[in-house]
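Participant: Okay, here's the structure, questions in a sec.
The values are calculated or read from the model by the stated rules, or taken from the named source; none is laboratory data. Keep in mind it's a predicted model, so treat the numbers as computed, not measured. Heads up, the Cβs are rebuilt from the backbone with ideal geometry, glycines too, and the neighbour counts pull from every protein chain shown. Note: areas computed on protein heavy atoms with side chains; ligands, DNA, RNA excluded. Shrake-Rupley method; radii C 1.70, N 1.55, O 1.52, S 1.80 Å.
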Amino acid sequence: KAGNGHAEGPAAAEEGGKGGGRMRGCRGFLRRNALVLLTVSGVVAGVAYLAFPGELLLRMLRMVILPLVVCSLVSGAASLDTRSLGRLGGIAIAYFLGTTLLASGLAVALGFIIRPGAGASALDPRLGMPGDMPTSKETVDSFLDLIRNLFPANLVAAAFRTYATEYKMLLRNTTSGNVTWEKIPVGTEIDGMNILGLVLFALVLGVALKKLGQEGEDLIRFFNSFNEATMVLVSWIMWYVPIGITFLVGSKIVEMEDVVLLVTSLGKYIFASILGHFIHGGIILPLIYFAATRQNPYRFLLGLITPFTTAFATCSSSATLPSMIKCIEENNGVDKRISRFILPIGATVNMDGAAIFQCMATVFIAQLNNVDLNAGQIFTILVTATASSVGAAGIPAGGVLTIAIILEAIGLPTNDLSLILAVDWIVDRTTTVVNVEGDALGAGILNYLNEKDKKEKEQELKEVNVEAVANNKSEEETSPLVTHKNQVSNTSGTADPESKESVL
């Protein structure tokens, strides 16, 4: 035993020395590579927690969307008389449809010039397999869903649910005895605010309250007060916007995967889309504003830097609405009745940037599949993109789902939509900026036309008053009684008392 004990002692000491050496080696490794390890840990933590302050900003902005849209539209529609409401509404619809159609035409033209899909058939196959692929929908069902959402069955549910058609596959026996699969449309409710239905209801309610006259004044004052209180909340949220935007953009940079591969493989498509947004937002829309108002459009846009930054960071026209209303009223002096009437409508139905994105993606997929688009297909793309951009679904991949409608309309496969979805987070930022810019310039044009019309009416009223005064003077001068009285006064100084008495 003693021999064993003497034999075990040195071995145990040697083993302890090895263990101590390992510990010292680990500590030395950690000390030498502390910076690298902390950086990697920071990246991992950043992916999980860096987006949290930005998420708070999104939640606060979405919180005020519902009261802002409903109250601003009700008070705006009630503050305008029926004739002005109809005139401004007609001009707004013409502006929205016209600019969206121009955007679609620009995207198709750039697609044929740049040819982003030419030679792109050798793209990495794993780009075509993302996790969340939208289900394609029939064109007729898409437009029927749009009309259904205009008339929500439940206003409370419309605040957080929207109607959408889905499909179930059922086995059917044919007359020849064969069994085939049949696609059956099924109506369902999906997550997402039904902005389109709420906008229509708020407009009609505002007009109805205006028609009530004195009886509707109390409810109009309620909505006005609610709207002003919401704008106070927005002014408080605006102080947090710079912090939230910083973390939103930073989290997206940290989450980037295979950016080099995406840009090199789909670079021409990304370039063509962003170029279309730049031309439409930087040249065409400002030219339209200048032609209508003869004022500097870039000075007008300079006062909207904060909403544009918010649009770039959030990729949501609705989330940008609170800051847009505040800045366009305070910095650009747009009448509250105009801004709170037109901007919520524009955030729902005016999608110039989305039209460019959808048309460019359609041309890209056609070129990817070596399909030459004919005149009829191009016309279908323009009309379908313009119409389907109205009330586009406010859900992830909602824009990609709209592209599926256009592809179905012209008979192209929808499998390649996964390529568009892979870079949607890049293109969607400039898309949203152009969307909200179109709304802002539309509000500026309507405000100018409204002020011009008001000045013309005031001038006409002054001219009528001057003419009325002139007519009164001329009547006094030519009146027989006044002439007779003047004759009496002229002759009274020379006539004798008897003749004067006889005249009286």
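Participant: Taking F312 as meeting all but one of (1) closer than 16 Å to L68 by Cβ; (2) touching a helix residue (DSSP H, G or I) at 6+ places or on another chain (Cβ under 6 Å), write down the number of the exception.
Facilitator: All conditions are met except number (1).
Participant: Considering the range 191-214 alone, what residues qualify as being among the charged types (D, E, K, R) and out of contact with any helix residue (DSSP H, G or I) (no Cβ under 9 Å at 6 or more places or on another chain)? Before the answer, list the steps.
Facilitator: Start the filter on the range 191-214 by keeping residues that are among the charged types (D, E, K, R), which leaves 191, 210-211.
Of everything in the range 191-214, just one residue is among the charged types (D, E, K, R) and out of contact with any helix residue (DSSP H, G or I) (no Cβ under 9 Å at 6 or more places or on another chain), namely D191.
Participant: It is to be established whether one or more residues within the range 318-329 are open to solvent by less than 50 Å² (accessible area, probe 1.4 Å) and over 29 Å from V207 (Cβ atoms). Give the derivation first.
Facilitator: We begin by selecting, within the range 318-329, every residue open to solvent by less than 50 Å² (accessible area, probe 1.4 Å); these are 318-329.
Next, only the ones that are over 29 Å from V207 (Cβ atoms) stay: none.
Within the range 318-329, not a single residue is open to solvent by less than 50 Å² (accessible area, probe 1.4 Å) and over 29 Å from V207 (Cβ atoms).
Participant: State all residues of the range 310-338 that are among the aliphatic types (A, V, I, L, M) and at pLDDT 90 or above; if no residue qualifies, say none. Break it down into steps so the answer makes sense when it comes.
Facilitator: So the first thing to find is which residues in the range 310-338 are among the aliphatic types (A, V, I, L, M), and the list is 311, 313, 319, 321, 324-325, 328, 334, 338.
Of everything in the range 310-338, those that are among the aliphatic types (A, V, I, L, M) and at pLDDT 90 or above turn out to be M324, I325, I328, V334.
Participant: Any residue in the range 213-239 that's touching a residue at least 24 places away in the same chain (Cβ under 8 Å): show its pairings with residues that are of a type in the set (A, V, I, L, M) and part of a helix (DSSP H, G or I) at Cβ separation under 6 Å, as long as the two are six or more apart or on different chains.
Facilitator: G216/L209; I220/A78; I220/L209; F223/V74; T230/L68; I237/M60
Participant: Something else now. If a residue has to be β-branched (V, I, T), in a loop (DSSP other than H, G, I, E, B) and within 21 Å of T432 (Cα to Cα) to count, how many in the range 315-337 make the cut?
Facilitator: Initially, the range 315-337 is screened for residues β-branched (V, I, T), giving 320, 325, 328, 334.
When the remaining residues are screened for being in a loop (DSSP other than H, G, I, E, B), the result is 334.
Narrowing the set further to residues that are within 21 Å of T432 (Cα to Cα) leaves none.
Here the count works out to 0.
Participant: Say whether the condition of being aromatic (F, W, Y), farther than 19 Å from P116 by Cα and open to solvent by 10 Å² or more (accessible area, probe 1.4 Å) is met by at least one residue in the range 276-286. Show your work before the answer.
Facilitator: Step one: filter the range 276-286 for residues aromatic (F, W, Y), giving 278.
Remaining after also requiring farther than 19 Å from P116 by Cα: none.
No, that holds for no residue.
Participant: So which residues in the range 70-116 are modelled with pLDDT under 85 and crowded, with 23+ Cβ neighbours inside 10 Å?
Facilitator: S72, L73, S75, G76, A77, A78
Participant: Considering the range 304-338 alone, what residues qualify as being over 27 Å from N194 (Cβ atoms) and in contact with a Cys (Cβ under 6 Å, 6 or more places away or on another chain)?
Facilitator: Those that are over 27 Å from N194 (Cβ atoms) and in contact with a Cys (Cβ under 6 Å, 6 or more places away or on another chain): L304, T306.
Participant: List every residue pair whose Cβ atoms sit under 9 Å apart, with the two residues 6 or more apart in sequence or on different chains, where the first one lies in the range 92-120 and is farther than 20 Å from S339 by Cα and the second, anywhere, is among the basic types (K, R).
Facilitator: I114/K268; R115/K268; P116/K268; G117/K268; A118/K268; G119/K268; A120/K268
Participant: If you don't mind, another one. Scan the range 286-322 for residues that are free of Cβ contacts under 8 Å to residues at least 12 places away in the same chain and farther than 28 Å from P53 by Cβ and jot them down.
Facilitator: L287, F290, A291, R294, N296, R299
Participant: Here's another thing I want to ask about it. What are the residue pairs meeting all of these: first residue in the range 177-193, first residue basic (K, R), second residue at pLDDT below 80 and open to solvent by 80 Å² or more (accessible area, probe 1.4 Å), Cβ atoms under 7 Å, and 6 or more apart or on different chains?
Facilitator: Going by the 7 Å Cβ cut-off, the qualifying pairs are K183/M169.
Participant: Taking the range 37-68 on its own, how many of its residues are open to solvent by less than 40 Å² (accessible area, probe 1.4 Å), in a helix (DSSP H, G or I) and at pLDDT 55 or above?
Facilitator: 9
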